[in-house]
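Remarks on the structure that follows.
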Amino acid sequence: MLAMNPTLLVGPSDWDAARMPREEFVARATALWRLAKAASGAIVYGDRAHHAELAYLTGFTPKLEAALALIPRVGAPRLLVGGGANMLQAAKPLTWIENLRPLRNASETVTQWAREQSGGGRPVLIGGAFMPPALRHEVDEAAGAIADKTSDLRSLMRRKSERELAVVREACATLDMAIAAMGNAQRSGKSATDTILAGEYAAHKRGAQDVRTLFSLDGGRTLRPFETLVDRAIDPLQVYVAVRQHGYWAEGFALLSATSTDRVVRPAEVLASAFAIIEPGRPCAEVAHAIAQGIGSLQPHPVTAHMQGNAMGLALEEQPLIATGSEDTFQAGDVFSLRVGVANEREGTIVSAMVAVGERGCDVLWPAPLSEQ
Amino acid sequence: MTHEERLAAIRANMAERKLDTLVAIHDGAHFIETPNPVFVLSRFKSLGPAAVVLRKGGETSLTVTPAWDAERAKDCCPGLNVMGAEDVVEALTASLGNDGSTIGIAGLPFTRWEIASRLRQALPRASAAEDVVFGAAAAKTEDEIAHAREATRIAELGYARMLEIARPGMSEDELAVELRWHTKTLGAEDNFLLLCAGPRNPAVAPSNGRIMQAGDTLVAEITPSYRGQLAQICRTVTLGPASTDLKDKYELLVRAMNAGIAAAVPGVPMSSVCRAMNAVLEAKGYGEYCHPPHIRRRGHGLGFGSIRPGDVSLDNDTKLEEGMLFMIHPNQHLPQTGYLLCGEPVVLTARGAEPLTKHQSALAEISL
């Protein structure tokens, strides 16, 4: 799900060697070389808004300016950090990579680095679609027309390791706490802003790296980001919360109310029935169709009409998608956000869950809390 | 200037350039240093990639992604023809057609490659039109100035909160997260909050997990955005008593800032504001620190829409006009103290630069 991109990432992003040791990153690069057999190395781009691939290989979150990792097949990687030499000290704790340099004269740096790589192969490009045009031209000029292996890397990123799953579970626990705090605020009659901010605060206090929220001012029919203070209480309040912890995202929708409401009953039943059919090998489109059939004559919510979920991890929205047009199948190791939404002219309701696909089915990591609704 | 007057000026610029159609594009990655022509034309801050098409005849359309965000866009921009789309380039290409009209496009250099390359391919004859949009947005509208005043009020309250809670034992990240959240409770929808601490900071940088210590110098650029308009204050605080040397050097920066504020009057080039600040430092023997790699500018414009009038730097000859909004900050690395922050947002009036802050930069000491 898209929410508003902040101008600067401020949350805790230091590399945590206990949670994600260096060998995890080395294994990821090794897996990439198996897919990119002729590659002499990889040029990996990331910025504030798009850095899942960079974070996967380096652990680095570019909080301010963009970064470019030069990862050789053989030898030590280096990370080029935007903002000049005096930014390196602040960037160093954010990555396991030891060789940090300023991102300047990209063309010259990449040319020289590519030349230094042994084996005669050429590097591959990852995340090039997100580069600003000027940098992309510089890299193209330096490295030539090199293969873009972003989608290959993403196929590796799909299957979460045990360490990654542990971190996702932590993110889900933080999500749960955020939505519980919002539920408490809602029940005590707080304004929409105070309710949203109560959840954000709870997530931050539990160490969230980033928290993004959307909410509805019109009974759940539409969603909006925080734009300015809303001093009135809105009940029920449809909320969306995404939290990022140790790099990994978890997201959830919930309908919060101070009184009981039966609006969530049908969507929650449909969501639960979707859990039952998720298993490795099952086409993602089948789950999307099952959700569409499950809501029956109710209208799908505009937010969930075209996509009933997506894989998640280091990015809020990863492939594959749970959509009727999807050609992908579920795999063990996938982590998904799964959503069911219904709406009419007056109101809308969306509930969701975070699920991990195991060898024989799915494990619900976070369900929309019925007790809060 | 009102928003409508700005749009009229943009249309006049289009006529001068003989453009039938103006396309503005933004990829949704909002950043203090990156201008957003979609925001300038529509005042809509998008979740994802978005575009505005302004026709010679006056019809204006706004395309937003994701499609479900179209209702919010309609609320924000009642005069525009709003369309929701899943792919902004496809939607734009379909709506523009191929009628041989002369197209100018603004925002391509700042958008991501995946969008820029497809748009270049779809509109091979479109010419760059940054000046058409941003030339008319060098001065802020009345609404933007009002929003900057509110953002400044929030920034000052954020700073007061920082003085209350910053203590040794707290990590930079904890402090930054708390301040960002606090300014949100005051109405800021975003905050470019650069904050770091150390015995001698090499620069101001994004916070990390470092635990602050007694004796640290804490530097912060507190930059809330209110309704899409940023305003910034640059502040320096010591955790514990400040040394005499630090107090002296900070006083020097305050004098430099005041010299910059005094020099900023309508009609002068921006470079003269930078020169006035440099002169104060040069007189004390810090001439070499007034240039790269130590410093590249002494202020900047304030987005998210237009970032004109640009940097307060020696190479910016933009003539200052009433209504321009920018930072004056003689932020400086000095060998004795490390990097220090000192700066105010100002709006240019007929009388000169008016700081938007109630309380201007002064070195603060947190008692431990």
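The values are calculated or read from the model by the stated rules, or taken from the named source; none is laboratory data. None of these values were measured; they are calculated from a predicted model. Note that each Cβ is placed from the backbone with ideal geometry, even for glycine, and that neighbours are counted across all protein chains shown. Keep in mind that these areas ignore ligands, DNA and RNA; they rest on the heavy atoms of the full protein, side chains included. Shrake-Rupley method; radii C 1.70, N 1.55, O 1.52, S 1.80 Å.
Summary table
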quantity	calculated
Separation of the B:K18 and A:N184 label points, Cα + 7 Å toward Cβ, nm	6.8
Helix B:142-165 vs. chain B, principal-axis angle (Cα, 0 to 90°, nearest 10)	30
Distance-filtered residues of the stretch B:317-356 - backbone nitrogen under 19 Å, label point 7 angstrom along B:L368 Cα→Cβ	B:337-339
Whole-Hz couplings from phi, Karplus 6.51/-1.76/1.60, listed for the stretch B:10-26; x for Gly and Pro	5, 5, 5, 5, 4, 4, 4, 8, 6, 8, 7, 9, 10, 10, 10, 10, 8
For B:R227, residues with placed amide H under 5 Å, excluding near neighbours	B:E189
Two-site FRET efficiency, A:Q331 against B:V254, from Cβ-Cβ distance with R₀ of 41 Å, rounded to 0.05	0.10
Formal net charge of residues neighbouring A:D235 (Cβ-Cβ distance under 11 Å; K, R +1; D, E -1)	+3
Cα gyration tensor category, rounded, prolate or oblate, for the protein assembly as shown with a/c compared to 1.5	rounded
For the stretch A:162-372: relative contact order, % (alpha-carbon pairs under 8 angstrom, 6 or more apart)	22
Three-way shape label, chain B, alpha-carbon gyration tensor, a/c 1.5	prolate
3J(HN,Hα) from dihedral phi, the stretch A:62-77, Karplus parametrisation 6.51/-1.76/1.60, rounded to Hz, x for glycine, proline	x, 6, 10, 9, 5, 9, 10, 9, 10, 10, x, 4, 10, x, 8, x
Helix axis angle, B:270-283 relative to chain B longest principal axis, alpha carbon, degrees	10
Amide H contacts under 5 Å for B:S361, placed H, 5+ residues apart	B:G343
For the stretch B:196-218 versus the stretch A:26-57, the gap between their alpha-carbon centres in whole angstrom	31
Interface residues, the stretch A:80-97 - accessible area loss of 30 Å² or more versus chain alone, probe 1.4 Å	A:N86, A:M87, A:Q89, A:A90
Placed amide H near B:S171: partners under 5 Å, 5+ positions off or other chain	B:M212
Potential lengthening between A:R101 and A:V26 on full extension [0.36 nm per residue; Cα-Cα distance subtracted]	25.0 nm
Integer Hz, Karplus 6.51/-1.76/1.60 couplings in order for the stretch A:303-310, x for Gly and Pro	6, 10, 5, 9, 8, 9, x, 7
Chain-alone versus full-assembly comparison, the stretch B:1-49, residues with accessible loss of at least 30 Å² (1.4 Å probe)	B:A29, B:H30, B:F31, B:L47
Alpha-carbon centroids, the stretch A:266-322 and the stretch B:141-182: separation in whole Å	40
Accessible surface of the stretch B:76-125, 1.4 Å probe, proportion on carbon and sulfur as whole %	51
For the protein assembly as shown, calculated [θ]222 nm from helices alone, where every DSSP H run of n ≥ 4 adds -39500 (n - 2.57)	-10000 deg cm²/dmol
Where trypsin sites (Lys or Arg not before Pro) fall in DSSP loop in the stretch B:76-171, at most 16 other Cβ within 10 Å	B:R125
Potential lengthening between B:A262 and B:I165 on full extension [0.36 nm per residue; Cα-Cα distance subtracted]	31.5 nm
Chain pair B, A: total accessible area buried, heavy atoms, 1.4 Å probe, Å²	4300
Fraction of accessible area attributable to carbon and sulfur, the stretch A:162-372 (%, probe 1.4 Å)	49
Net charge, A:G84 excluded, C-beta distance under 12 Å - Lys, Arg +1, Asp, Glu -1	+2
Rounded accessible area per residue of the stretch A:22-157, 1.4 Å, Å²	39
23 Å Cα-Cα threshold exceeded, pairs from A:K190/B:K184; A:K63/A:K205; B:K45/B:K184; B:K45/B:K140; B:K247/B:K358; A:K63/B:K140	A:K63/B:K140
Sites A:A272 and A:R34, calculated FRET efficiency, Cβ-Cβ separation with R0 41 Å, nearest 0.05	0.60
Extension gain from A:H289 to A:A147, taking 0.36 nm per residue of separation minus the Cα-Cα distance	47.6 nm
Helix B:244-263 axis, angle to chain B major axis (alpha carbon atoms, nearest 10°)	40
For the stretch B:245-307 and the stretch A:147-223, distance of Cα centres in Å	42
Within a Gaussian network of chain B (alpha carbon springs, distance under 10 Å), most fluctuating of B:Q121, B:Q232, B:Q332	B:Q121
Gaussian network model of chain A, springs between alpha carbon atoms under 10 Å - residue of A:A288, A:A305, A:A69 with greatest fluctuation	A:A305
Prolate/oblate/rounded label for the stretch A:162-372 (Cα gyration tensor, a/c 1.5)	oblate
